[in-house]
Amino acid sequence: MKKSVGRAVIEVGFIIFLFYSNLLMFCLYLRHHPGASKRIFSLQLCRISEPRSIIILNSMVRDGYIYAAGCLLASVIVGLLASWPSAVPVLLFGAFFLWFFRDPEREIPTIPGAVVSPGDGKVTDVSVVTSDGISRQRISIFLSVFDVHVNRSPIAGVIRDVRYQRGKFLNAMAANSAEENEQNIVTVDREGRTVIFKQIAGLIARRIVFNFKVGDHLACGQRVGLIKFGSRVDVLVDRDAAIRVKVGDRVRGGATLLAVLPATPIAQPIHAGRAGEREAD
């Protein structure tokens with residue numbers, strides 16, 4: 001009887017410890033991030049000074065809290081049914097989810113014609129491909145499970161097309177994954193220029209999230225979705241774009257400049273009166 005009571009007291013104490021330790025972590029976050037309580041799960045775009053702006057995001061994607069809460073609940077159940085040491089791996093798994101779904105602040109380049117990386121990772125390919133009958137330059141980026149998986153818009157513009165393509169779940173580093181894997185293809189237009197970016201599922205990644213629709217306006221570097229867990233993103237730009245990265249480079253979503261689009265020339269109208277004067281001369 002005494003042993004049962006003692007065990008119950010230990011179990012209750014452990015649950016209280018878990019609750020207050022998580023509460024303490026949340027309070028510390030609010031203390032070191034002024035105004036965070038007003039912007040949790042929200043997106044803010046702030047200007048700081050030219051020629052750069054900073055996109056401030058909540059430091060954690062909502063999914064991270066959901067997965068972590070599930071692991072916390074599971075650890076309590078495991079601890080009650082088995083032993084508390086058995087619950088430690090489940091807690092560590094929850095900590096991994098909190099880390100995986102991190103959403104750090106990023107400084108966005110404001111160079112005219114800037115094309116920024118839609119995700120964190122390693123550049124695995126820079127080549128010329130044909131897309132919808134048009135020759136374009138393609139930059140491929142592989143995201144491992146250790147990279148930030150929040151995706152951002154490579155340019156500012158209007159979404160002209162969003163197409164979800166069902167497919168396979170091949171290794172995202174394979175060359176044929178760009179065409180055969182399940183993916184979300186987004187076309188963004190800005191001042192006569194078109195940039196296409198793809199969210200491509202991988203061997204482990206099984207879910208692609210995109211939060212916008214055709215006609216929506218995007219800011220350069222704006223958060224648009226994510227891919228779970230480990231994946232690939234491709235960016236397709238015009239042939240005359242100046243590529244700023246090479247294979248093997250590490251890039252950061254919204255912060256690394258992938259390419260620069262040349263300014264679109266504006267056609268100058270010919271006035272009939274002036275043309276007549278030249279003919280008369």
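Given 0.36 nm per residue, what is the gain on full extension from Val128 to His217 after removing their alpha carbon distance, in nm?
29.3 nm is the gain from fully extending Val128 to His217.
So if we plug the beta-carbon distance of Arg207 and Ile111 into 1/(1 + (r/R0)^6) with R0 = 41 Å, what FRET efficiency do we get, rounded to 0.05?
Working from the Cβ atoms, E equals 0.80.
Hey, with R₀ at 22 Å, roughly what FRET efficiency would Asp161 and Ser135 work out to, going by the Cβ-Cβ distance, to 0.05?
Once the sixth-power term is evaluated, E becomes 0.70.
Sort out for me the Cα centre separation of the stretch 216-263 from the stretch 81-155, rounded to whole Å.
The stretch 216-263 and the stretch 81-155 have Cα centres separated by 11 Å.
Sort Asp120, Asp103 by Cβ crowding within 10 Å, fewest neighbours at the top.
Result, fewest neighbours first: Asp103, Asp120.
Test of understanding: what is the full-extension gain from Ser86 to Asp189, defined as 0.36 nm times their sequence separation minus their Cα-Cα distance?
31.8 nm is the gain from fully extending Ser86 to Asp189.
May I ask you to sort Ile200, Ile243, Ile134, Ile185 by Cβ crowding, counting other Cβ atoms within 10 Å and putting the fewest first?
Ile134, Ile243, Ile185, Ile200
Going by how many other beta carbons lie within 10 Å of each one, how would you line up Phe96, Phe142, fewest first?
Ordered from fewest to most neighbouring Cβ atoms within 10 Å, Phe96, Phe142 come out as Phe96, Phe142.
Over the stretch 113-260, consider all pairs of different Cα atoms and compute the Kirkwood hydrodynamic radius from their mean reciprocal separation; express it in Å, one decimal.
Final number for the Kirkwood radius of the stretch 113-260 is 14.7 Å.
Readers should treat all values here as calculations from the given coordinates under stated rules, not as data from a laboratory. For clarity, every value in this text was computed on a predicted model and none was experimentally measured. When we count neighbours, we look across all protein chains shown, and the Cβ atoms used for this are built from the backbone with ideal geometry, even at glycine.
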